[in-house]
Amino acid sequence: METPLLQPSRHNIVGPVRGSASWFVVNPLSGCADVLTADEAAEIQAGRPDPGGSFAARGYLVDPAEEEGRYRRAYLDFVDRRDRDEVQIFFAPWYACNLGCSYCYQGAYPSSGGLPGPQVLDAFFEYVDREMAGRRTYLTLFGGEPLLPGASAMGVIEGLVDRAAARRMPIAVVTNGHELARYLPLLQRADVREIQVTLDGPREVHDRRRPLKGGGSTFDAIVAGVDATLGAGIPVNLRAVVDRDNLEDLPALATFAIQRGWTRNPNFKTQLGRNYELHECHAGSQVLYSRLEMYEALFDLARRHPEVLEFHRPAYSISKFLFDNGRMPLPLFDSCSGCKTEWAFDHTGRIYSCTATVGKVGEEVGTFWPTVTRKDDEIAQWQDRDVLAIEACRTCSSRLACGGGCASVARNRTGSLLAPDCRPIRELLELGTAAYLPVEGP
Amino acid sequence: MKPITRNRTTTIEPGKTPPVVQERTVQAAPEKAQAQCCAKVSGPSMGCHD
Ligand code: SF4
Ligand code: SF4
């Protein structure tokens, strides 16, 4: 048999480690990642085998036909895993909120419409019981702000929590945290998987960005809610929404969290949300970072203030996963969960793809109340979207690390769901390898 | 070349699927490729945006 000519893999991502003479190669299909010299990087990119054959053994040089077969098998594995995956179901009982955040993307959403009655809640759970039968599901309370003050709001949340508990469906909550301590006993009637709370900085910074509607500090009440939640043994996912106005305040927030003992609690984790324009801009766009700009700024910040890393270790695409686990994540053929492993429902009886679209007029994909309807063509478009379906992604070497990005962002930009929302994967890896590569010993 | 991934480096014949790769495709790993996809895998969030 003739030996096939080896070529550079179409999934190699090669780049320099920021601030170092070293290079990296990662290959999300072969699952290998290596640190290289500049010469080795050039050889891989030119398709020249090394004498020991390790470029080929690691899947950086391939027989294209063999790689194509592997790509197809990996795709089938991916779809199979996703089909068995848990489904996250969001429910927005209203779009009202007790905070008046400077950058809220829901600012233009209608906040009235009345509270959902028991018949709406029953219809919602009946729909989920029927349509998601056989799938593992969990319910995430969303909004607006789901944990509003007042007995009538609490009554609705009680109705949702009790119905979830009766089905042994775990719950999670995305909340601003202001009323969290008050709601905690009620939430604990169900299995609470996680509560996401947002703090945008130390007290003064947070209160400026996330005040009560009409003004007033929220910081202390939120901190009390986080303490109470961690005290009850419930995981907290603390989120900070970041832009140019508060990035330099992250070290102070990190110090606060460290001194409070949060970062030593295994139930405490953090995420940074980039403030960005989802549907329209509510913040001044000059304060917003692009994705890469935010990671560049974090990289620089962590060099100056290493305590930030005790609070939050940035992902830099797949870098954090790679160095924490010593292996690559599985190939990501699709990064968007909308209408696949995620659905969102609201109090008006409408069904949406996900949290990006929930409540956005005209973007519903069906209704569960008063009658059940489905826009099957639209749902099929969401479900078909992956890096094989988006033309630009089909030949992109980053596709199995990027997954095609966010469908909602892509549609807002181009009018079509089947468009790319590109992630700067190679650039993020340049930063991430520099941030997490163990420093050489003597 | 220094490995970041701990997969063993094995020499293979050109044209054959590398053993490390076969190992990966047959094993359905328990956790998702979560490093950068919708961060909802780690709980509720709008994390797919970052
Ligand atoms: S459309 Fe965007 S927000 Fe919605 S599931 Fe997809 S990636 Fe996430
Ligand atoms: S969205 Fe852009 S970066 Fe991502 S896979 Fe598609 S073409 Fe590549």
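For segment A:407-417, the criterion of being at negative phi, surrounded by 24 or more Cβ atoms within 10 Å (Cβ to Cβ), under 18 Å from the mean Cα position of the chain (by Cα) and not assigned by TED's automatic domain parsing to the domain that holds A:Val14 is satisfied by at least one residue. The sole residue among A:Ser408, A:Ser416 that is facing chain B (nearest Cβ under 10 Å) and either within 10 Å of ligand 1 (Cβ to nearest atom) or out of contact with any strand residue (DSSP E or B) (no Cβ under 9 Å at 6 or more places or on another chain) (or both) is A:Ser408. Identify all residues within segment A:94-113 that are open to solvent by 40 Å² or more (accessible area, probe 1.4 Å) and at pLDDT 65 or above; write none if there are none. Scanning segment A:94-113 gives A:Cys97, A:Ser102, A:Cys104, A:Gly113. Scanning segment A:185-216 for residues that are surrounded by fewer than 17 Cβ atoms within 10 Å (Cβ to Cβ) and of a type in the set (S, T, N, Q) gives a single hit, A:Gln188.
Assess whether A:Phe311 counts as being within 14 Å of another protein chain (Cβ to nearest Cβ) and either open to solvent by 10 Å² or more (accessible area, probe 1.4 Å) or not acidic (Asp, Glu) (or both). It is false that A:Phe311 is within 14 Å of another protein chain (Cβ to nearest Cβ) and either open to solvent by 10 Å² or more (accessible area, probe 1.4 Å) or not acidic (Asp, Glu) (or both). Residue pairs whose Cβ atoms lie under 6 Å apart, separated by 6 or more positions or on different chains, with the first residue in segment A:345-373 and touching a residue at least 24 places away in the same chain (Cβ under 8 Å) and the second within 16 Å of ligand 2 (Cβ to nearest atom) and of a type outside the set (Phe, Trp, Tyr), are A:Ser353/A:Gly338; A:Cys354/A:Gly338; A:Ala356/A:Ser408; A:Thr357/A:Ser408. Selection within segment A:28-57: residues that are out of contact with any Lys or Arg (no Cβ under 7 Å at 6 or more places or on another chain) and among the polar types (S, T, N, Q). The member of this set that is surrounded by the most Cβ atoms within 10 Å (Cβ to Cβ) is A:Ser54.
Quick one: what pairs do we get from segment A:426-442, first residue under 15 Å from A:Val25 (Cα atoms) and at pLDDT below 95, second of a type in the set (Asp, Glu) and surrounded by fewer than 17 Cβ atoms within 10 Å (Cβ to Cβ), C-beta under 7 Å, 6+ apart or different chains? Pairs found: none. Restricting to segment A:354-368, and then to whatever is crowded, with 19+ Cβ neighbours inside 10 Å and hydrophobic (A, V, I, L, M, F, W, C), can you tell me which residue is farthest from ligand 2 (Cβ to nearest atom)? Applying the filter and picking the extreme gives A:Phe368.
The values are calculated or read from the model by the stated rules, or taken from the named source; none is laboratory data. Owing to the predicted nature of the structure, the values given are computational and were not obtained by experimental measurement. Every residue, glycine among them, receives a Cβ derived from its backbone with ideal geometry; neighbour counts consider all protein chains shown. Note: accessible area is taken over every heavy atom of the protein model, side chains too, but ligands, DNA and RNA are not part of it. Shrake-Rupley method; radii C 1.70, N 1.55, O 1.52, S 1.80 Å.
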